Amino acid sequence: MSKKLTDPLLIAAKVITIMAQILTILAMVLLGIGIAVVLTVGRAEVLAEMGKAGVPDYGTWLIAAAMLTGMGLMWLGQRFFSELRGIIDSVGDGDPFHPENADRLSRMGWISVAAQVLLLPIGAMALWFASYADKVDKDLHVGGGLDGGGILLTLILFILARVFREGTRMREELEGTV
């Protein structure tokens with residue numbers, strides 16, 4: 001019987017990654033709907049609220065841009081979890097040092113880099129809106145920008161990709177000598 005069907009850790013990891021993928025897809029759909037609402041049927045209401053705070057009219061476009069950037073982050077999350085599922089599957093099949101896993105880890109590293117880059121404009125837009133939130137007594141907690149944990153994750157992924165490449169090379173070398 002395959003390890004994939006009996007190892008509780010692999011089962012849990014697979015379930016969590018599938019759930020994460022479902023949530024990222026749901027978040028992308030909701031953000032898409034939110035963009036449509038902010039720019040069409042809800043535009044007057046959003047403009048009225050922003051007018052109370054003194055936000056310029058182009059603020060709705062910034063909200064839409066922030067939401068679109070959030071959709072980009074969700075898409076990156078979707079890709080990240082897809083790559084992770086591939087690694088989980090190969091571990092379940094008993095072959096973690098497959099060359100494709102090194103490539104998957106590298107792609108996950110680049111996805112992490114892209115996510116860090118996308119966080120910068122989101123943080124900048126949030127800071128811009130925060131300056132207006134005080135005028136309408138709204139409690140706005142601003143976050144965004146570079147994340148130390150995300151940078152560390154990126155470095156770990158690139159290092160693990162090298163480890164997996166070296167492990168694959170060594171296994172192939174060993175198989176060639178036997």
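L84 meets the stated requirement of being farther than 24 Å from V46 by Cβ and at pLDDT 95 or above. Looking across the stretch 34-83, the residues that are of a type in the set (S, T, Y) and closer than 13 Å to F129 by Cβ come down to Y58, T60. Scanning the stretch 70-87 for residues that are of a type in the set (A, V, I, L, M, F, W, C) and closer than 14 Å to V113 by Cβ returns L73, L76, F80. Counting only helices (runs of 4 or more DSSP H) that fall entirely inside the stretch 1-117 and contain at least 3 residues that are of a type in the set (A, V, I, L, M, F, W, C) and within 30 Å of I159 (Cβ to Cβ), the qualifying elements are 8-39, 59-92.
Matching residues to (1) farther than 30 Å from P8 by Cβ; (2) small (G, A, S):
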position: S90; (1), (2): no, yes
position: G94; (1), (2): no, yes
position: N101; (1), (2): no, no
position: L120; (1), (2): yes, no
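The values are calculated or read from the model by the stated rules, or taken from the named source; none is laboratory data. Keep in mind it's a predicted model, so treat the numbers as computed, not measured. Cβ: placed from backbone, ideal geometry, glycine included. Neighbour counts: every protein chain shown.
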